[in-house]
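Have a look at the structure below before the remarks.
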Amino acid sequence: MTGAALAGAALAAAALLGGTASAAATADDRHPHHRPESGPVHALYGSENRTIRTHRHVVALTFNAAWNAEGIGTVLRALRRADAPATFFLTGDFAERHPAAARALAEAGHGIGNHSYSHRHIEKLTPGERAAEVLRADHALRAATGTAPLPFFRFPYGATTPRAIADVNRLGFADIEFTTDTNGWKGTRGGMTVRRAVRRAVEALRPGAILQMHVGAPEGQDTVLDAEALPRIIDACRDRGYEITDLRGLLGPA
């Protein structure tokens, strides 16, 4: 994004977070998610949403993407073979560097969520900086995927604060976090194995659990353990009577 475009995003962010009425109207035109007054998404505001609010034995599969595109093909094949949905939370920077991968995820029919632009500690930023990170990512995801992302935001590092959540909500996004992370992102150098990743997923099962995994690999790692573990995680969930659910169900009937 050019300096002028980023300045425009920051101006829109300032309007969304308490500018004049005319500026807020301009921001509404630029950003269709702006502050819905009611509905399923609005009902999620004010919360980290680390589980789906249900008593049903369902579990949601989610992946974060901020590094490279390694493992995405393996994950997509596993999901297709299992006929299972997933939601991918992408950083805007990832979408700009790997537009083909971002588009492949969307074209495979999976949900795309916002994971900030540059994976900074969003909770430590000013409201204006925070909004610029969210809106710049939204723009990048739309450009890369050719579709509107879900009105879902996941904080980098799972680091939330009530104020930061409120600011994200004002931008029209519900915060969707996770019940547990498989820790597959740590790789074998971090002491993880496929078996341990599967075990962490199974131990977290409860009605409405949201599992967090990762695609891509941090610098210095050559394996994507979550991609390798995914088929076993899906089988383990189903063997225990859990249905793989789509987070888009939080938006109400299609």
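The values are calculated or read from the model by the stated rules, or taken from the named source; none is laboratory data. This structure is a prediction, so every number in the text was calculated from the model and none was measured. Backbone-built Cβ (ideal geometry, glycine too); neighbour counts: all protein chains shown. The accessibility values were calculated without ligands, DNA or RNA, using every heavy atom of the protein model including side chains. Shrake-Rupley method; radii C 1.70, N 1.55, O 1.52, S 1.80 Å.
Where a ≥ b ≥ c are the square roots of the eigenvalues of the C-alpha gyration tensor, would you call segment 148-254 rounded, which needs a/c under 1.5, or, failing that, prolate if a/b is larger than b/c, or oblate? It is oblate, given that a/c is not under 1.5 and a/b is not larger than b/c.
The loop-placed GluC sites (Glu not before Pro) in segment 215-254, going by DSSP, that have at most 11 neighbouring Cβ atoms within 10 Å of their Cβ come out as Glu219. For Glu107, the accessible area of its heavy atoms, probed at 1.4 Å with every protein chain present, is near 130 square angstrom. Per-residue surface analysis assigns Arg103 an accessible area of about 90 Å², computed on protein heavy atoms at 1.4 Å probe radius.
Of the trypsin sites (Lys or Arg not before Pro) found in segment 49-87, those that fall in a DSSP loop while having at most 16 other beta-carbon atoms within 10 Å are Arg53, Arg56. Counting heavy atoms of the protein chains alone, Ile122 has an accessible area of about 0 Å² for a 1.4 Å probe. The alpha carbons of segment 33-177 occupy a box of 40, 39, 25 Å along the principal axes, longest dimension given first.
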